[in-house]
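J.: For reference, the structure I am asking about is given below.
The values are calculated or read from the model by the stated rules, or taken from the named source; none is laboratory data. Note that the coordinates shown come from a computational prediction; the quantities given were computed from them, not determined experimentally. Glycine also receives a Cβ, built like all others from the backbone with ideal geometry; neighbour counts cover every protein chain displayed. Keep in mind that these areas ignore ligands, DNA and RNA; they rest on the heavy atoms of the full protein, side chains included. Shrake-Rupley method; radii C 1.70, N 1.55, O 1.52, S 1.80 Å.
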Amino acid sequence: MESKEEDVKVGANKFSERQPLGTAAQGDKDYKEPPPAPLFEPGELKSWSFYRAGIAEFVATFLFLYITILTVMGVNRSSSKCSSVGIQGIAWSFGGMIFALVYCTAGISGGHINPAVTFGLFLARKLSLTRALFYIIMQCLGAICGAGVVKGFEGNGRYELFKGGANFVNSGYTKGDGLGAEIIGTFVLVYTVFSATDAKRNARDSHVPILAPLPIGFAVFLVHLATIPITGTGINPARSLGAAIIYNRDHAWDDQWIFWVGPFIGAALAALYHQIVIRAIPFKARA
């Protein structure tokens, strides 16, 4: 007891730390890095869990487009933004749906609901190329169906009048502005996904409960608040493709490349940053 009191009086510098404060992430006591996923895994094609995960991605993206595009249409048809949920409500619908759907599907498919997220996780070798391609196809199909149901509810006239919730670069901004907004916005999202689902962080900070869907959904909400005035906010190629196919007008297709190139670049940068800078995995492999 006396020695403890002496330590407090003298100060923490009397005894050197075995591990400096704030660097617990560099320790390997409670965690071992899992092996990277194989590039091709033919055995997956014979597993029901593989197809179940794809169906989960389809349904989740379908529901995501249905709720969010319907919200966008509701805001656009209002005579005044004050008589609707406004931009904040649109942002909440996107972020809230991601929170709910990631929570529902995380244990089945990982809860990607976004080709950019799938691409980033593939680059980090978290899933095989086979699974990544299957997820992206199912996500795009789900998005098309979700936007199609919204058009069925709204009718051709209203749907086309309010531009079907499609993404395009708004007037006053250049295509470069739109591309930059999509890159940075997707970086924020995918970096949050990596951080919130980091198994090593969860092992280290097990005393701090983290509900992964919450920060992911909140990141989507914040990015939408920032970039809806610029591009309507894509950061999800399936969302942009689904709305563009059902709306099917030239100005939606003219900018469609921005909503694929931007999110994929942003996802790749986030994967590289997390794996190389934050986790330093290549350097650990050399050691």
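J.: It is to be established whether one or more residues within the stretch 172-180 are touching a Phe, Trp or Tyr at 6+ places or on another chain (Cβ under 9 Å), among the acidic types (Asp, Glu) and farther than 24 Å from Ala60 by Cα.
T.: Scanning the stretch 172-180 turns up no residue that is touching a Phe, Trp or Tyr at 6+ places or on another chain (Cβ under 9 Å), among the acidic types (Asp, Glu) and farther than 24 Å from Ala60 by Cα.
J.: Tell me yes or no: at least one residue of the stretch 263-271 is outside any helix (DSSP H, G or I), in contact with a helix residue (DSSP H, G or I) (Cβ under 9 Å, 6 or more places away or on another chain) and open to solvent by 10 Å² or more (accessible area, probe 1.4 Å).
T.: The answer is no; no qualifying residue exists.
J.: If you don't mind, another one. Of the numbered conditions (1) open to solvent by less than 50 Å² (accessible area, probe 1.4 Å); (2) in a loop (DSSP other than H, G, I, E, B), Glu33 fails exactly one; give the number of that condition.
T.: Glu33 satisfies all of (1) open to solvent by less than 50 Å² (accessible area, probe 1.4 Å); (2) in a loop (DSSP other than H, G, I, E, B) except (1).
J.: Cβ-Cβ distance below 6 Å, separation of 6 or more or different chains: which pairs start in the stretch 56-83 with a residue that is at positive phi and polar (S, T, N, Q) and end on one that is open to solvent by 60 Å² or more (accessible area, probe 1.4 Å) and modelled with pLDDT under 95?
T.: none
J.: Is it the case that Met73 is touching a Lys or Arg at 6+ places or on another chain (Cβ under 9 Å) and either open to solvent by less than 60 Å² (accessible area, probe 1.4 Å) or over 21 Å from Gly164 (Cβ atoms) (or both)?
T.: Yes.
J.: Restricting to the stretch 170-205, name every residue that is among the β-branched types (Val, Ile, Thr) and modelled with pLDDT of 95 or more.
T.: Listed by number, the residues that qualify are Thr174, Ile183, Ile184, Thr186, Val188, Val190, Thr192, Val193.
J.: In this structure, does Ala252 turn out to be modelled with pLDDT of 95 or more, in a helix (DSSP H, G or I) and small (Gly, Ala, Ser)?
T.: Judged against the criteria, Ala252 is not a match.
J.: How many residues are assigned to a helix (DSSP H, G or I) and either crowded, with 19+ Cβ neighbours inside 10 Å or in contact with a helix residue (DSSP H, G or I) (Cβ under 8 Å, 6 or more places away or on another chain) (or both) when one looks only at the stretch 81-136?
T.: Total meeting the criteria: 37.
J.: Checking Gln88 against (1) at pLDDT 65 or above; (2) of a type in the set (S, T, N, Q); (3) more than 28 Å from Arg239 (Cα to Cα), only one condition comes out false. Which one?
T.: Gln88 satisfies all of (1) at pLDDT 65 or above; (2) of a type in the set (S, T, N, Q); (3) more than 28 Å from Arg239 (Cα to Cα) except (3).
J.: Which pairs turn up if I take residues in the stretch 134-148 that are touching a residue at least 24 places away in the same chain (Cβ under 8 Å) and within 12 Å of Phe64 (Cα to Cα) and look for partners that are of a type in the set (Asp, Glu) and open to solvent by less than 40 Å² (accessible area, probe 1.4 Å) with beta carbon separation below 9 Å, at least 6 apart in sequence or on another chain?
T.: Listed by first residue and then by second, the contacts come to Gln139/Glu57; Gly142/Glu57.
J.: On to the next question. Which one is surrounded by the fewest Cβ atoms within 10 Å (Cβ to Cβ) among residues in the stretch 227-259 that are among the aliphatic types (A, V, I, L, M) and within 15 Å of Leu179 (Cβ to Cβ)?
T.: Ile230
J.: A further question on this structure: Exactly one condition in (1) over 20 Å from Leu129 (Cα atoms); (2) modelled with pLDDT under 95; (3) of a type outside the set (Ser, Thr, Tyr) is not met by Phe99; state its number.
T.: Tallying (1) over 20 Å from Leu129 (Cα atoms); (2) modelled with pLDDT under 95; (3) of a type outside the set (Ser, Thr, Tyr), Phe99 fails exactly one: (2).
J.: If you go through the stretch 228-237, how many residues are closer than 21 Å to Ile137 by Cβ and out of contact with any Leu (no Cβ under 8 Å at 6 or more places or on another chain)?
T.: Number satisfying all stated conditions: 3.
J.: Answer yes or no as to whether Ala25 is at pLDDT below 80, touching a helix residue (DSSP H, G or I) at 6+ places or on another chain (Cβ under 9 Å) and part of a helix (DSSP H, G or I).
T.: Considered against the rule, which asks whether it is at pLDDT below 80, touching a helix residue (DSSP H, G or I) at 6+ places or on another chain (Cβ under 9 Å) and part of a helix (DSSP H, G or I), Ala25 comes out as yes.
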